[in-house]
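Asker: This is the structure, below, for whatever I ask next.
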Amino acid sequence: MNNMIELARKFGTPLYLLFEEEILKSCEKFKNSIEKNFGKNAMILYASKALSCVGLLKIIKNQNLGLDVSSGGELFTAIKAGFPMDRVTFHGNNKSEDELKMAMEYSVSRIVVDNNEEFENLLNLSKKYGRKINILFRINPEVDANTHKSVNTGKVDSKFGITFDQARKNIRKILEQNLVIFKGFHSHIGSQIFDCKDFQKEAETMVRFCSDIKNEFGFESEELNLGGGFGVKYTDENPEIEIEDFISSICLVLKKECGRNKMNMPFIYFEPGRSIVAKAGVTLYTVGCVKKTKNKTYVIVDGSMNDNPRFVLYGAKYKIENISEKNKSSNFKEVVLSGRCCESGDIISDGCFLKNPKRGDIIAVYCTGAYNFSMSSNYNKIPKPPIVLVTKNGEAKVIVRRQSYEDLISCEID
Ligand code: LLP
């Protein structure tokens, strides 16, 4: 705790801290679990949309994980981190022609095709460049996972993936034209999911679909990517997920369904993002003022929805502490933790209990490693905070520097 105050003093606030040890722990959990359940027949792809920066991707690379990128920018970051392209899968529901070309040029391992237009585009590019790419089709499995509507991706009418019937039409085309290497299917039912039954349903649906395709076309899917979405405990309202329990119960369903349908088990991918990095992150703020209104107390900090838009977007809750207040007997106050942006909605928590908060105190918001930096903005022309990696040896290393005012206008032309 004191150490975090020292880091706040040294690097200033707002500040994103990233604890390497936590990242390594979660990578180990996933790696051990797939090894135990699938042997060499599965791979973990870290979903870099959760947090993408060169310093982190180097850690992920050294853990021998694969990578999911979903834009040219995420791919570029992976290239800069020296990530082996034969471990990179390219996603996205509207990849531009330039992005597809980039993916081909750098020979990413797999492209996950999300819609018919993209498929046509890809066939044309393959013809034009004489390159055969490995593809998977993203299927909408019509599994309605129990999670926030903004991060539910696999139910009927989702903007992601193609329907079972559209997939059939495309498969006919692939097998006739032989322009791409068709490896199998992908699905991702959403994010922050705690009910393992949702993943089991997804696994069962996808194996049955693979079996139908085998019976109809004689095509056996070599690979099946089941996406990410494992829930993370942010506060006591969330359960703690045991990754091994989830992976092993999904594996059982896969084995059972493959057996029933007389299919070989495809090579399996999982794409966790949040569950790899969320717990490794802590955001530190300094209190600027404490303001009382008729019914509320606002604790206003030097950060904002710019560095953490998740309450605004999803009503997300966090564990929050005043780490400057050591006095055991001091009172907890229910407060609204608010940011410094010019709008009333700029809230980080609409009700948290802080010990005797006052100007100058350091506030820690825990579990901010995923989808905070990666969704940050410069509203009100506020520079983005730096990311300081606390290495496993306890050293503090800036891996993303704080933006300067010059950075803020660096793309502007007068
Ligand atoms: N694979 C695909 C195709 C995805 O779209 C995603 C997340 C993942 C894997 C990783 O899911 P995870 O394991 O991180 O749950 N901004 C939201 C989360 C959006 C998730 C988008 N896709 C949030 O802050 O909660």
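The values are calculated or read from the model by the stated rules, or taken from the named source; none is laboratory data. Since we're looking at a predicted model, the values are computed, not measured. Glycine also receives a Cβ, built like all others from the backbone with ideal geometry; neighbour counts cover every protein chain displayed.
Asker: Before we move on, is Ser70 in the same structural domain as Ile135 (by TED's automatic domain parsing) and within 30 Å of Thr286 (Cβ to Cβ)?
Answerer: no
Asker: Please enumerate the residues belonging to region 266-299 that are part of a strand (DSSP E or B) and within 16 Å of the ligand (Cβ to nearest atom).
Answerer: The answer is Ile268, Tyr269, Phe270, Gly281, Thr283.
Asker: Exactly one condition in (1) more than 16 Å from the ligand (Cβ to nearest atom); (2) touching an Asp or Glu at 6+ places or on another chain (Cβ under 7 Å) is not met by Lys326; state its number.
Answerer: Status for Lys326: all satisfied but (2).
Asker: Would you confirm whether or not region 257-264 contains a residue that is buried (at least 19 other Cβ atoms within 10 Å of the Cβ) and closer than 17 Å to Phe194 by Cβ?
Answerer: No, that holds for no residue.
Asker: Something else about it: What number of residues within region 194-242 satisfy the criterion of being outside any helix (DSSP H, G or I) and aliphatic (A, V, I, L, M)?
Answerer: 4
Asker: I've got another one for you. Scan region 245-267 residue by residue and report those that are of a type in the set (A, V, I, L, M, F, W, C) and under 26 Å from the mean Cα position of the chain (by Cα).
Answerer: Across region 245-267, the qualifying residues are Phe246, Ile247, Ile250, Cys251, Leu252, Val253, Leu254, Phe267.
Asker: Does Cys251 meet the test of being away from the ligand (no atom under 16 Å from the Cβ) and farther than 30 Å from Leu226 by Cα?
Answerer: no
Asker: May I ask you to verify whether Lys29 is under 28 Å from Lys384 (Cα atoms) and among the basic types (Lys, Arg)?
Answerer: For Lys29, the condition - under 28 Å from Lys384 (Cα atoms) and among the basic types (Lys, Arg) - is not met.
Asker: Can you run down the residue pairs with Cβ atoms below 6 Å, 6 or more apart or on separate chains, where the first is in region 125-141 and assigned to a loop (DSSP other than H, G, I, E, B) and the partner is within 16 Å of the ligand (Cβ to nearest atom) and small (Gly, Ala, Ser)?
Answerer: Qualifying pairs under 6 Å: Asn140/Ser158; Asn140/Gly161; Pro141/Gly154; Pro141/Ser187.
Asker: Looking at this structure, is Leu100 assigned to a strand (DSSP E or B) and either out of contact with any helix residue (DSSP H, G or I) (no Cβ under 9 Å at 6 or more places or on another chain) or under 20 Å from Phe76 (Cβ atoms) (or both)?
Answerer: It is false that Leu100 is assigned to a strand (DSSP E or B) and either out of contact with any helix residue (DSSP H, G or I) (no Cβ under 9 Å at 6 or more places or on another chain) or under 20 Å from Phe76 (Cβ atoms) (or both).
Asker: Could you tell me which residue of region 275-309 is nearest to Gly12 (Cα to Cα), considering only residues that are of a type in the set (Lys, Arg) and touching a residue at least 40 places away in the same chain (Cβ under 8 Å)?
Answerer: Lys279
Asker: Still on this structure, please answer the following. If we keep just the residues of region 329-349 that are surrounded by 14 or more Cβ atoms within 10 Å (Cβ to Cβ) and not in a loop (DSSP other than H, G, I, E, B), which is nearest to the ligand (Cβ to nearest atom)?
Answerer: The extreme case among them is Ile348.
Asker: Okay, moving on. Starting from region 237-255, keep only residues that are within 12 Å of Lys36 (Cβ to Cβ), then list their pairs with residues that are of a type in the set (Lys, Arg) whose Cβ atoms are within a distance under 6 Å, requiring at least 6 positions of separation or different chains.
Answerer: Sorted first by the residue in region 237-255, then by its partner, the pairs are Ile243/Lys29.
Asker: Let me ask another. I'd like to know if region 111-121 contains one or more residues that are touching a Leu at 6+ places or on another chain (Cβ under 6 Å), among the hydrophobic types (A, V, I, L, M, F, W, C) and not in a loop (DSSP other than H, G, I, E, B).
Answerer: The answer is yes, given that some residue of region 111-121 is touching a Leu at 6+ places or on another chain (Cβ under 6 Å), among the hydrophobic types (A, V, I, L, M, F, W, C) and not in a loop (DSSP other than H, G, I, E, B).
Asker: Follow-up. Hey, can you tell me all the residues within region 137-157 that are touching a strand residue (DSSP E or B) at 6+ places or on another chain (Cβ under 9 Å) and within 11 Å of the ligand (Cβ to nearest atom)?
Answerer: The answer is Arg138, Ala145, Thr147, His148, Val151, Asn152, Thr153, Gly154.
Asker: For region 359-401, which fully contained strands (runs of 3 or more DSSP E) count at least 3 residues that are buried (at least 19 other Cβ atoms within 10 Å of the Cβ)?
Answerer: 362-366, 387-390
A quick yes/no check of all residues on (1) touching a residue at least 40 places away in the same chain (Cβ under 8 Å); (2) buried (at least 21 other Cβ atoms within 10 Å of the Cβ); (3) among the hydroxyl-bearing types (Ser, Thr, Tyr); (4) on the phi > 0 side of the Ramachandran plot:
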site: Asn41; (1), (2), (3), (4): yes, no, no, no
site: Ala47; (1), (2), (3), (4): yes, yes, no, no
site: Cys53; (1), (2), (3), (4): yes, no, no, no
site: Ile60; (1), (2), (3), (4): yes, yes, no, no
site: Met104; (1), (2), (3), (4): no, no, no, no
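Asker: List the pairs whose first member sits in region 361-376 and is under 20 Å from Thr235 (Cα atoms) and of a type in the set (A, V, I, L, M), whose second member is part of a helix (DSSP H, G or I) and within 11 Å of the ligand (Cβ to nearest atom), and whose Cβ atoms are under 7 Å apart, counting only residues at least 6 apart or on separate chains?
Answerer: Every condition considered, the pairs that remain are Ala370/Arg274; Ala370/Val277; Ala370/Ala278.
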